[in-house]
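The values are calculated or read from the model by the stated rules, or taken from the named source; none is laboratory data. As the structure is a prediction and not an experimental result, all values here were calculated from the model. We place every Cβ from the backbone using ideal geometry, glycine too, and count neighbours over all the protein chains shown.
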Amino acid sequence: MNTLLKFSAVLIIVAVAFVSLRLTEKPVKKHEIEDVAKQRLQNNAAKALKFVTGKKDYNDSLVFLIDMKIPIRKNRFFVYNLKQQKVVDLGLVAHGDGSHKDNGDLVFSNVNNSHCTSLGKYSVGVSYVGKYGKSYKLHGLDETNSNAFDRNIVLHAYEDMPSEENTDPVYLSFGCPMVSTKFFKRLEPIIDSSDKKILLWIYY
């Protein structure tokens, strides 16, 4: 009996210690951007600001920045306010299945039928209704993505794409920046209400 009581007491002490440890853990902030990714974001936001400054046909208040260094299950599509210098919205975005490698690294291509994501600057073009519903044409502005329009690389939603960070598999695209329906509905009014072109920049 004494042995049983001692064993029970040990179990209680261990349980209390575990609960105390959990209570003292530093809570993880939702949507927290790691310092390295934050530095890349700020660097590319500065480049985006420099690009749109003085261009009357570009929106100089908001840009879309996509960091392909961030894992696919994490938020890496950022709506960035250039005036306030901060992220005002963010979400998940797929890369092309041709870019995906089993070790987690990515490859990029501007070649037709490669199904790869192309790095570089894009201007968000007109909307149309296609296979995935309302979508936006993308025009590549660099040598690395100059074939985007001909490759039918567009900004579109996919109903099975998750809208929150998680450990579940995330769908890959044919090279398009594909987002969840929920996130797309937040991007839609931003794009449609802008009387100037919005810059979208994919970097790595």
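Residues are listed down the side, and each one gets a yes or a no for (1) crowded, with 20+ Cβ neighbours inside 10 Å; (2) over 12 Å from the mean Cα position of the chain (by Cα); (3) among the hydroxyl-bearing types (Ser, Thr, Tyr):
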{"position": "Glu159", "(1), (2), (3)": "no, yes, no"}
{"position": "Glu165", "(1), (2), (3)": "no, no, no"}
{"position": "Pro169", "(1), (2), (3)": "no, yes, no"}
{"position": "Leu172", "(1), (2), (3)": "no, yes, no"}
{"position": "Pro177", "(1), (2), (3)": "yes, no, no"}
{"position": "Lys182", "(1), (2), (3)": "no, yes, no"}
{"position": "Leu187", "(1), (2), (3)": "yes, yes, no"}
{"position": "Asp192", "(1), (2), (3)": "no, yes, no"}
{"position": "Asp195", "(1), (2), (3)": "no, yes, no"}
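Could you list, in sequence order, the residues of the range 106-148 that are of a type in the set (Phe, Trp, Tyr) and under 21 Å from the mean Cα position of the chain (by Cα)? First the steps, then the outcome.
Going residue by residue through the range 106-148, those that are of a type in the set (Phe, Trp, Tyr) are 108, 122, 128, 132, 136.
Selection gives Phe108, Tyr122, Tyr132, Tyr136.
Kindly establish whether Ile66 is surrounded by 11 or more Cβ atoms within 10 Å (Cβ to Cβ), within 19 Å of the chain's Cα centre (by Cα) and either free of Cβ contacts under 8 Å to residues at least 60 places away in the same chain or in a loop (DSSP other than H, G, I, E, B) (or both).
Values: surrounded by 11 or more Cβ atoms within 10 Å (Cβ to Cβ): yes; within 19 Å of the chain's Cα centre (by Cα): yes; either free of Cβ contacts under 8 Å to residues at least 60 places away in the same chain or in a loop (DSSP other than H, G, I, E, B) (or both): no.
So Ile66 does not fit the description; no.
Does Lys121 count as charged (D, E, K, R), out of contact with any Cys (no Cβ under 7 Å at 6 or more places or on another chain), surrounded by fewer than 18 Cβ atoms within 10 Å (Cβ to Cβ) and closer than 13 Å to Tyr204 by Cα?
Numbers: charged (D, E, K, R): yes; out of contact with any Cys (no Cβ under 7 Å at 6 or more places or on another chain): yes; surrounded by fewer than 18 Cβ atoms within 10 Å (Cβ to Cβ): no; closer than 13 Å to Tyr204 by Cα: yes.
When the stated conditions are applied, Lys121 does not pass them.
Return yes or no: is Lys131 free of Cβ contacts under 8 Å to residues at least 40 places away in the same chain and basic (Lys, Arg)?
yes
Criterion first (in contact with a Cys (Cβ under 7 Å, 6 or more places away or on another chain), surrounded by fewer than 18 Cβ atoms within 10 Å (Cβ to Cβ) and modelled with pLDDT of 95 or more) does Val111 satisfy it? Outline the logic, then answer.
Numbers: in contact with a Cys (Cβ under 7 Å, 6 or more places away or on another chain): no; surrounded by fewer than 18 Cβ atoms within 10 Å (Cβ to Cβ): yes; modelled with pLDDT of 95 or more: yes.
It is false that Val111 is in contact with a Cys (Cβ under 7 Å, 6 or more places away or on another chain), surrounded by fewer than 18 Cβ atoms within 10 Å (Cβ to Cβ) and modelled with pLDDT of 95 or more.
Being in contact with a Lys or Arg (Cβ under 6 Å, 6 or more places away or on another chain), polar (S, T, N, Q) and farther than 14 Å from Ile202 by Cβ is the requirement here; does Ser127 meet it?
Working: in contact with a Lys or Arg (Cβ under 6 Å, 6 or more places away or on another chain): yes; polar (S, T, N, Q): yes; farther than 14 Å from Ile202 by Cβ: yes.
For Ser127, the condition - in contact with a Lys or Arg (Cβ under 6 Å, 6 or more places away or on another chain), polar (S, T, N, Q) and farther than 14 Å from Ile202 by Cβ - is met.
Which members of the range 109-131 meet the condition of being β-branched (Val, Ile, Thr), closer than 19 Å to Leu65 by Cα and not in a strand (DSSP E or B)?
Hit for the range 109-131 is Thr117, nothing else.
If the requirement is being within 18 Å of Asn44 (Cα to Cα), crowded, with 18+ Cβ neighbours inside 10 Å and at pLDDT 95 or above, which of these qualifies: Leu141, Leu155, Leu200, Leu92? Explain how you work it out, then say what you get.
Values: Leu141 fails: crowded, with 18+ Cβ neighbours inside 10 Å; Leu155 fails: within 18 Å of Asn44 (Cα to Cα); Leu92 fails: within 18 Å of Asn44 (Cα to Cα).
Among Leu141, Leu155, Leu200, Leu92, only Leu200 is within 18 Å of Asn44 (Cα to Cα), crowded, with 18+ Cβ neighbours inside 10 Å and at pLDDT 95 or above.
Which ones in the range 89-105 are under 15 Å from the mean Cα position of the chain (by Cα) and assigned to a loop (DSSP other than H, G, I, E, B)? Let's see the steps before the verdict.
Taking the range 89-105 and keeping what is under 15 Å from the mean Cα position of the chain (by Cα), we get 89-96.
Within the range 89-105, Leu92, Val93, His95 qualify.
Scanning for something among the aliphatic types (A, V, I, L, M), without any contact (Cβ under 8 Å) to a residue 60 or more places away in the chain and part of a loop (DSSP other than H, G, I, E, B), does the range 149-168 turn up at least one residue?
yes
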